[in-house]
Amino acid sequence: MNLNDTDFQLFDVPATFAQDRARLDARWKELQREAHPDRFAAQGAAAQRVAMQWSVRINEAYQRLKDPIKRASYLCSLNGSPIDAEKNTAMPPDFLMQQMEWREELDEVHDEAGADKLRDEVDASRVRALSSLDWLIDEKGDYPEAARQVRALMFIERFAEDIDAKSAQWGQ
């Protein structure tokens, strides 16, 4: 293992958006066993600290690789198209219109049925966006467009949380 390896190299998987979750899970367990600090107890505190650093590195890589949005963001960054969501909020006009419509719809939702309907629409949009990431990254190699799609997905995720928060108000 090399600290300078990409997450994909560390996990010995292809640097693609499409990933086999079972393979990632199995490799994570294997790497954690190899780097567990208890395995280095006889070698002293310094070796245990290094093992702990490796354990943290493995966990961080696993968190990025198992989450589709984080994985897409990481791939975009590796390929020269960082997400920069804090600085770059540019979205296609049709997506901006969709956001405004969803916000208005959420303001008008007054019951769980309305929230469910909106949630279903947002979930369908999320599925379409994830599917397009697979195509943009693995098939087309269009990382700038994939980065725009990741920013859109980040909004969709936050909006889904807003729907859940509003739904939780009725459950109180």
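The values are calculated or read from the model by the stated rules, or taken from the named source; none is laboratory data. All of these numbers come straight from a predicted model, not from anything done at the bench. Note: ideal-geometry Cβ built from the backbone for every residue, glycine included; neighbour counts use all protein chains shown.
Residue under question is Ala47, and the condition is that it be exposed (fewer than 14 other Cβ atoms within 10 Å of the Cβ) and either of a type in the set (A, V, I, L, M) or not assigned by TED's automatic domain parsing to the domain that holds Val122 (or both); does it hold? So Ala47 fails the test.
Quickly run through the stretch 61-83 and pick out the residues that are surrounded by fewer than 14 Cβ atoms within 10 Å (Cβ to Cβ) and free of Cβ contacts under 8 Å to residues at least 40 places away in the same chain. Once the filter is applied, which keeps residues that are surrounded by fewer than 14 Cβ atoms within 10 Å (Cβ to Cβ) and free of Cβ contacts under 8 Å to residues at least 40 places away in the same chain, the stretch 61-83 yields Gln63, Asp67. Against the definition (part of a helix (DSSP H, G or I) and in contact with a helix residue (DSSP H, G or I) (Cβ under 7 Å, 6 or more places away or on another chain)), how does Ala51 come out, yes or no? Spelling it out, Ala51 is indeed part of a helix (DSSP H, G or I) and in contact with a helix residue (DSSP H, G or I) (Cβ under 7 Å, 6 or more places away or on another chain).
Remark: Lys66 matches the filter, which requires a residue to be under 23 Å from Gln9 (Cβ atoms), at pLDDT 95 or above and not hydroxyl-bearing (Ser, Thr, Tyr). Among all residue pairs at least 6 apart or on different chains, which show Cβ distances below 6 Å where the first residue, located in the stretch 14-36, is within 21 Å of Leu78 (Cα to Cα) and free of Cβ contacts under 8 Å to residues at least 24 places away in the same chain and the second is among the aliphatic types (A, V, I, L, M) and assigned to a loop (DSSP other than H, G, I, E, B)? The qualifying pairs do not exist here.
Here's the yes/no breakdown for (1) of a type in the set (S, T, N, Q); (2) within 16 Å of the chain's Cα centre (by Cα):
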| position | (1), (2) |
| --- | --- |
| Phe8 | no, yes |
| Val13 | no, no |
| Arg33 | no, no |
| Val50 | no, no |
| Trp54 | no, no |
| Gln63 | yes, yes |
| Arg71 | no, yes |
| Leu78 | no, yes |
| Pro93 | no, no |
